[in-house]
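Heads up, the thing below is written out as structure tokens.
The values are calculated or read from the model by the stated rules, or taken from the named source; none is laboratory data. All of these numbers come straight from a predicted model, not from anything done at the bench. To get the accessible areas, we keep the full protein, side chains included, count just its heavy atoms, and leave off ligands, DNA and RNA. Shrake-Rupley method; radii C 1.70, N 1.55, O 1.52, S 1.80 Å.
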Amino acid sequence: NLVESTNDGEELKVEALENSYILLGHALPFNEPVVSHGPFVMNTEEEIHEAFRDYQLGKMGVWK
């Protein structure tokens, strides 16, 4: 599960009901649209469709 937290407090409390791993991370916000589908993350649905087309056409990893 992914939990997103704001920075509006000084404390984070977690209660695990079974053995668990907790991975904490932080980053600056992108401040731009983010669309994800499958392995692709782009800014628009159109870019996602283009990425799938490129993948299906074997264009991934090909430098022009």
Query raised in the report: Just wondering, is there one or more residues in the stretch 38-47 that are open to solvent by less than 90 Å² (accessible area, probe 1.4 Å), among the hydroxyl-bearing types (S, T, Y) and at pLDDT 95 or above?
Result: yes
Report task. For residues that are within 30 Å of E45 (Cα to Cα), among the hydrophobic types (A, V, I, L, M, F, W, C) and open to solvent by 100 Å² or more (accessible area, probe 1.4 Å), tally how many sit in the stretch 1-35. Result -> 6
Query raised in the report: Would you call D54 open to solvent by less than 80 Å² (accessible area, probe 1.4 Å) and either part of a loop (DSSP other than H, G, I, E, B) or not polar (S, T, N, Q) (or both)?
Result: yes
Query raised in the report: Among the residues of the stretch 41-50, is any of a type outside the set (S, T, N, Q), part of a loop (DSSP other than H, G, I, E, B) and on the phi < 0 side of the Ramachandran plot?
Result: no
